[in-house]
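In what follows, a single structure is set out as structure tokens and then discussed.
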Amino acid sequence: TEGKIYGALLPEGKTPVWMVPDQYLDRVKILNGPPHSLLPKVVEEMEGIDVFYYACDHDHKNMMAAFTMVRNKLSKGALVVAVDMGWNASLWEFADSNDVPSYTFRGSIGVGFF
């Protein structure tokens, strides 16, 4: 997005999928933009979600909104993973509200077991 810096750098001449082996490129879809506008469409298109990995805006309100948005698509045994969990307790609150266990790894990566 013009005028925005996202804090991630790509090697010169590389695309965001530069580390994905060629045989898996048909499984990768890169969408750029704010998660609150992109996520609803992506979730709607999916039949089910086995792993939801959240590494976007770490604001409590936005994280809870994202977790709530995917809740009805989570498969039995799905994982909800979030990084930088020291910023707020959103994942723990979400797991508790769904009566599922959760775990933190080294105080940074959180997992809810659905």
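Derivation of every value follows stated rules applied to the coordinates shown; laboratory data play no part. Model, not experiment: these values are computed from the prediction. Here Cβ is always computed from backbone atoms with ideal geometry, including for glycine, and neighbour counts include all displayed protein chains.
Structural remarks
- So ASN62, is it out of contact with any Gly (no Cβ under 9 Å at 6 or more places or on another chain) and surrounded by fewer than 16 Cβ atoms within 10 Å (Cβ to Cβ): no
- Some residue of the range 90-98 being in a loop (DSSP other than H, G, I, E, B) and either in contact with a strand residue (DSSP E or B) (Cβ under 6 Å, 6 or more places away or on another chain) or under 15 Å from PHE52 (Cα atoms) (or both): no
- Subset of the range 70-89 [over 11 Å from the mean Cα position of the chain (by Cα) and either closer than 26 Å to ASN32 by Cβ or assigned to a helix (DSSP H, G or I) (or both)]: ARG71, ASN72, LYS73, LEU74, ALA78, ASP84, MET85, TRP87, ASN88
- Taking (1) touching a residue at least 24 places away in the same chain (Cβ under 8 Å); (2) over 28 Å from GLY107 (Cα atoms); (3) of a type in the set (Ser, Thr, Tyr) in turn, TYR24 satisfies each apart from (1).
- Some residue of the range 40-59 being aromatic (Phe, Trp, Tyr) and in contact (Cβ under 8 Å) with a residue 40 or more places away in the chain: no
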